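Down below is the structure, laid out as structure tokens.
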Amino acid sequence: MKQATEIHFSKLLKEWEGFNDTLPMTQWIEEAEDFIFEGEKDEEDYISWKPLKKDVKSNVEDIQKELKVHLHLSMKAYYNCYWFLEVAGNYNGYDLVLNPVIPGIALKDFKHETGLYKEAHNDQLFNIPIGIEANGLLLVVDNKSGEVKLEDYERNSFEIISKNLSKLIEDLQVCLKIVFLLK
């Protein structure tokens, strides 16, 4: 997972550098710990940020106990390799935005979203939400196999789009247009 995210973030930083000679930018997130940000907010409350390798592991054991689930290893790795505010792009024709790992709020948001997902799925967690697709489909990780799927909740259907989360992140094509459209 760490190698896949390094590859993706290298592409992201290069794309932003070519776009406007800056680091990636996002709207200021008050609850986030400041170390993820670079510089000062602009007049529209946008600020630069950069992905940072995590030097401390996030403890998901309490979340697993509370939700009564054992998370797939890829999910644990995802939340433990980098701090970042954005992973978005195109993967095999799908415009995707993955959940950020924001210092100060990542696990709280993950627990809340996963709890809501569990309630909506008859108190089961066969899949774990990890992001969204531009047309409103949910991006999930199969909690047993680690496959990444698109879920159409209304049709109760799933489409496997990647054999694993690392492969999806590594092959995700950065497209700043997607980043701006999905904000």
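All of the numbers you see were taken from the coordinates with simple rules; none came from a lab. All figures in this text were calculated on a predicted structure; none of them were measured in a lab. Methodologically, a virtual Cβ is constructed for each residue, glycine included, from the backbone with ideal geometry; neighbour enumeration extends over all protein chains shown.
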Going 7 Å from the Cα of His112 in the Cα-to-Cβ direction, what parts of the range 15-35 have a backbone nitrogen less than 12 Å from that spot? 31-32
Extension gain, Lys167 back to His70 (0.36 nm per residue minus Cα-Cα distance, nm): 32.7 nm
Alpha-carbon centroid distance for the pair the range 4-19 / the range 61-80, whole angstrom: 27 Å
In the range 1-80, which trypsin sites (Lys or Arg not before Pro) fall in coil by DSSP and have 11 or fewer other Cβ atoms within 10 Å? Lys57, Lys68
Please sort by residue number the chymotrypsin sites (Phe, Trp or Tyr not before Pro) in the range 35-135 whose DSSP state is loop and whose Cβ has at most 15 other Cβ atoms within 10 Å. Phe126
Gain in span if fully extended, Asn20 to Asn59, counting 0.36 nm per residue against the direct Cα distance: 10.4 nm
Relative contact order %, the range 42-149, counting alpha carbon pairs below 8 Å whose residues are six or more apart: 22 percent
If amide H atoms are built 1.01 Å from N in the plane of the peptide, which residues on other chains or at least 5 residues away come under 5 Å of the amide H of Asn127? Asn143
Three-way shape label, the range 8-65, alpha-carbon gyration tensor, a/c 1.5: oblate
Using only the Cα atoms of the chain, build the gyration tensor, take square roots of its eigenvalues as a ≥ b ≥ c, and label the shape rounded, prolate or oblate: rounded if a/c is under 1.5, else prolate if a/b is larger than b/c, else oblate. prolate
Stretchable slack from His121 to Lys11, in nm (0.36 nm times residue separation minus alpha-carbon distance): 36.0 nm
Backbone N under 12 Å from the Glu159 label point (7 Å along Cα→Cβ), restricted to the range 118-140: 133-138
About the Cα centre of the range 50-122, how large is the charge dipole given +1 on each Lys and Arg Cβ and -1 on each Asp and Glu Cβ? Please answer in debye to the nearest 20. 260 debye
Put +1 on the Cβ of every Lys and Arg and -1 on every Asp and Glu Cβ in the range 2-181; which of Ile128, Val69, Leu98 then has its Cα farthest towards the positive end of the dipole? Val69
The range 2-181: relative contact order as a whole-number percent, Cα under 8 Å and 6+ apart: 21 percent
Rounding to the nearest 20 debye, state how big the charge dipole of the range 2-181 is about its Cα centre with +1 on each Lys and Arg Cβ and -1 on each Asp and Glu Cβ. 960 debye
Students often forget the sequence filter, so: which lysines lie under 17 Å Cα-Cα from Lys111 once same-chain residues fewer than 8 apart are removed? Lys57, Lys65, Lys68, Lys76
